[in-house]
1. Near the amide H of A:Tyr220, under 5 Å away, which other amide H atoms are found, from residues 5 or more places off or on another chain, if H is placed in the peptide plane?
2. Less than 17 Å apart at the alpha-carbon level, and either on another chain or at least 8 residues along: which lysines does that give for B:Lys314?
3. If I build a Gaussian network model for chain A, linking alpha-carbon pairs within less than 10 angstrom, which residue out of A:Gln85, A:Gln135, A:Gln205 has the largest mean-square fluctuation?
4. Based on the Cα coordinates of the range B:395-456, what is the per residue volume of their convex hull in Å³?
5. Express in whole angstrom the spacing between the alpha-carbon centres of the range B:391-423 and the range B:279-339.
6. Could you run the Karplus curve 6.51 cos²θ - 1.76 cosθ + 1.60 with θ = phi - 60° over the range B:273-281 and give me ³J(HN,Hα) per residue in whole Hz, x for Gly and Pro?
7. Is there a simple number for the mean count of other chain Cβ atoms within 10 Å of the Cβ of residues in A:71-78, and what is it?
8. For chain A, what does -39500 (n - 2.57) per DSSP helix run (n ≥ 4), summed and divided by total residues, give at 222 nm, in deg cm²/dmol to the nearest 500?
Amino acid sequence: MLSIHNLHASIDEKRILKGINLEIKPGEVHAIMGPNGSGKSTLASVLAGREDYTVTDGSVTFNGKDLLELSPEERAGEGLFLAFQYPVEIPGLSTTNFIKTAVNEVRKYRGEEALDAVAFLKLMKEKMAMTNIDQTLLSRSLNEGFSGGEKKRNEVFQMAMLQPKLAILDETDSGLDIDAIRIVANGVNKLRSKDNAVLLVTHYQRLLDYIVPDVIHVLYNGQIVKSGPKELALELEERGYDFIKEQFKAEA
Amino acid sequence: MNNELSAIEKTVLTDYKYGFVTEIEVDEAPPGLNEDTIRFISAKKNEPEWMLEWRLKAYNHWLKMQEPNWANIKYDPINYQDIKYYSAPKQKKKVNSLDEIDPELRKTFEKLGISLDEQKRLSGVAIDAVIDSVSIGTTFKEQLAELGIIFCSISEAIQEHPELVKKYIGSVVPITDNYFSALNSAVFSDGSFCYIPKGVRCPMELSTYFRINAEGTGQFERTLLIADEGSYVSYLEGCTAPIRDENQLHAAVVELIAHENAEIKYSTVQNWYPGDKDGKGGIYNFVTKRGICQGAHAKISWTQVETGSSITWKYPSVILKGDYSVGEFYSVAVTNNHQQADTGTKMMHLGKNTRSRIVSKGISAGVSNNSYRGLVHVGKNAANARNFSQCDSLLLGDKCGAHTFPYIEVKNNTAVVEHEATTSKIGEDQIFYCNQRGIDTETAVALIINGFAKEVMNQLPMEFAVEAQKLLAISLEGSVG
């Protein structure tokens with residue numbers, strides 16, 4: 001579904017990603033872990049098409065298409081979703097109205113007809129129940145005055161509404177207490193299927209207690225330095241990232 | 001982000017879709033302004049002597065005045081002798097019914113999406129259509145007359161209801177008020193007149209549609225609206241003009257009078273031609289709008305959506321004379337490319353327990369400049385007066401400007417005056433967030449600005465609100481890359 005080959009990216013001349021290779025198949029959940037500043041969020045942003053970053057080398061194929069050639073909205077249309085670490089606020093724009101616009105724009109991209117009010121409401125009700133989100137939150141201005149947990153739940157709800165092929169969750173657990181993490185993780189688990197894939201970007205192991213990944217990759221200094229099964233997370237938790245750093249230095 | 005222009009800063013040409021010219025024969029005065037011009041206009045209109053005298057008095061006063069220069073706008077000096085002060089579509093004779101209107105004129109209004117055909121209108125809005133200087137027709141006149149409502153052009157009102165015109169014209173905006181209102185008083189050629197009798201609730205929206213068509217003309221209309229005791233009216237005003245290289249002057253005067261327990265809701269969607277992307281051409285919109293809450297518990301609310309004009313310079317105001325009277329001002333002003341706007345309101349609290357509310361939303365893009373200027377005055381007898389003002393500015397890109405000039409004068413220590421102001425920028429972050437959800441940049445900007453302006457949009461009558469939302473999006477089309 002997603003193949004990343006030798007991806008290099010920089011911001012303001014500063015090299016952040018230095019040759020990422022990653023292969024994700026439908027139905028899989030991958031986790032990317034790593035210390036602060038290793039390039040985790042950069043990878044998420046580059047995949048979503050954020051303009052601040054310049055791709056200097058490498059390629060990314062998503063469902064057979066050259067992802068790097070597509071605009072951010074086209075990537076969304078192709079089924080790529082990014083749950084933001086810091087969801088933005090848009091005052092005066094109701095969350096429902098925003099999501100309705102998003103759903104219909106994506107449908108338009110796919111050559112499908114826009115959902116009418118009735119069909120949209122039906123879909124919304126279904127996904128609200130699935131992700132356990134409150135109606136009042138959706139009638140408020142987008143993310144305005146939302147607590148950290150509400151913002152992240154809103155991200156998961158949007159993901160449910162857009163039904164992406166690949167969902168990238170950028171530090172979705174940051175700033176959340178354990179109950180909020182459980183709620184968010186529940187939502188994500190319900191959305192897992194054999195046809196879609198999830199890429200979790202996280203600093204801590206604790207999210208992985210609730211969303212169990214198939215593969216864990218350790219990102220350090222812009223490269224994936226280690227990949228392994230879910231047990232790798234426990235090792236990291238126990239030993240910290242220092243052993244990775246030392247190992248990497250020794251190899252270098 | 002690092003080089004040249006960011007996505008938000010890339011400003012391209014906005015297409016102005018109302019920029020066509022109607023080919024019609026006109027009856028016009030030669031350019032220039034002197035007493036003869038005024039006599040010519042007055043004679044054309046077959047006006048009574050008192051009206052001509054009033055005009056001449058205004059003209060002579062105007063001659064002694066200086067053009068003001070305190071606004072935060074820049075423009076080349078206007079040569080008042082180059083302007084044509086009267087231009088009227090040539091009609092064969094006086095029209096008795098709307099069916100007799102020149103088909104070319106009718107087509108013009110059809111093109112603007114305004115049907116003058118009463119049968120075809122479903123929304124139930126009565127319209128007075130003004131092209132260049134004269135009113136070409138008013139719809140739903142008979143139905144309104146049954147309720148005692150007078151809705152016609154001001155020229156007609158001068159003929160048919162001279163006592164009302166004489167009593168109220170210049171009572172809110174005196175001829176000596178300011179440079180442009182004095183000029184208007186001298187040369188105004190038409191406009192709308194409306195009178196709602198005691199206790200009548202006007203059953204439909206009343207609307208005036210202004211269109212400048214002829215080249216080299218100024219448009220000076222005069223609107224006079226009187227709501228007698230306990231009455232209610234909602235009034236809409238729309239404006240467009242053809243695309244021309246020259247700047248055209250629009251100096252209108254609007255006077256509203258709300259008697260005891262009466263309510264006037266006045267909404268404007270102003271979409272005069274704003275000039276091209278290099279700032280060439282466009283309308284100078286220098287308008288004086290003022291209402292008076294004459295009696296107790298009267299209420300006047302101004303709602304304006306200003307997207308057009310190369311320069312907008314106006315302050316719809318309310319004089320709160322009656323005790324417990326209420327004044328409101330809701331404004332969205334959009335400036336793009338080289339547009340300039342210096343707009344806001346004045347709330348003059350004279351009566352006791354008077355209240356006012358100001359909500360101003362300025363949106364600037366391109367290299368435009370957008371200023372809010374407002375005065376809240378509380379007189380010494382205005383015990384317990386209350387005002388709340390909120391002025392928000394939204395910037396697109398970093399080459400435009402937003403300014404806020406709030407003036408507060410309080411002469412009564414029981415008054416409560418509150419002012420809040422914010423300035424924000426449409427962030428790359430907001431746009432990217434929308435993009436990531438599949439929403440393209442144009443649509444994202446429209447969503448963000450409509451969200452920003454929502455509080456004001458909610459004040460507009462339904463059928464106008466939808467139009468206004470579209471207009472906001474169109475005005476900023478291409479202001480983000």
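Nothing in this text is a laboratory measurement; each read-out follows from the coordinates by a stated rule. Every value quoted in this text rests on a predicted model; they were computed, and no experiment measured them. Using ideal geometry, Cβ is built from the backbone for each residue, glycine included, and neighbour counts are taken over all protein chains shown.
1. A:Val225
2. Straight-distance partners of B:Lys314: B:Lys74, B:Lys289, B:Lys346, B:Lys361.
3. Among A:Gln85, A:Gln135, A:Gln205, the largest mean-square fluctuation in the Gaussian network model of chain A belongs to A:Gln135.
4. Dividing the Cα hull volume of the range B:395-456 by its residue count gives 111 Å³.
5. 16
6. 4, x, x, 7, 6, 8, x, 8, x
7. 5
8. One gets -11500 deg cm²/dmol as the mean residue ellipticity at 222 nm.
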